[in-house]
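Below is one structure, written out as structure tokens; the observations come after it.
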Amino acid sequence: MAVLGQISAGLAHELNQPLAALRTLSDNAVVLMDKQRLDETRGNLQRISHLVGRLGELTRRLKTFAHKPGDRPVPTPLAPAVGNAQGLLAERLRRLGVSVEVAIDPPSLTVLADPAQVEQVLVNLMVNALDAMAASPERLLRVQARADAGRVRICVSDSGPGIPPQILPHLFEPFATSKPPGAGLGLGLMISRRIVRSFGGELAVDHPASGGACF
């Protein structure tokens, strides 16, 4: 619920800007058309078309995220899944000033999974990374993926302080969280691990030498 709330707030912000622009452009188009300024009217209509396309892309991302999982896993390209997850959190990434690095090798890399649930796991891990970096002077979110002996290794890492030692043994248990009250229920990692295991994978945490945490 916390993740969905953050996504909803971000999407509301993303939707309000083009909606306000659509109203202004459409009102101006009426005035321009009345004055027979057809070239300027055409320009306004082209900008309106572009904004409608942007709105459609935002709602498509949300529909994909809310999609009911299929009966069986299918080949799912990772690059679009990462892009959609990043798009859902775009407003928060900008607001926090987070730099994002994505490295998928090869770029066509796929996993056998449900596309919507892959995005759900990625969003959960990215949200946790953003929360971890909220007070950090440097905020870098990395998403790396590579083929590894017939399997795929995906790493979502942050430049935060890492996982507190007292939380680490209970990290994937329900309601285990280092976040302040009201900031999270401590269910995201448990749910994400369950999803990943349903595809025959595993979700674990590591502390890279460079700092932060890598899931």
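The table for this structure:
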read-out	value
Stretchable slack from Arg23 to Val74, in nm (0.36 nm times residue separation minus alpha-carbon distance)	14.2 nm
FRET efficiency, Asn16 to Ser49 (Cβ-Cβ, R0 22 Å, nearest 0.05)	0.70
Hz values of 3J(HN,Hα) by residue in the range 200-215 - Karplus curve (6.51, -1.76, 1.60), Gly and Pro given as x	x, x, 8, 10, 9, 10, 9, 10, x, 4, 6, x, x, 9, 10, 9
Under Karplus coefficients 6.51, -1.76 and 1.60, residue-wise ³J(HN,Hα) of the range 99-110 in Hz, glycine/proline x	7, 10, 10, 10, 9, 10, 10, x, x, 8, 4, 10
Extent along principal axes [Cα atoms of the range 85-142; Å; largest to smallest]	37, 21, 17
Label-to-label distance, nm, for residues given as Glu202 and Val152 (7 Å Cα→Cβ offset)	1.9
Relative packing of peptides 22-35, 83-96, 109-122 - highest average C-beta neighbours within 10 Å first	109-122, 83-96, 22-35
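Every read-out reported here was derived from the displayed coordinates using simple, explicitly stated rules and does not represent laboratory data. Remember, it's a predicted structure, so these values are computed and weren't measured experimentally. Counting neighbours? That spans all protein chains shown, and the Cβs are built from the backbone with ideal geometry, glycine included.
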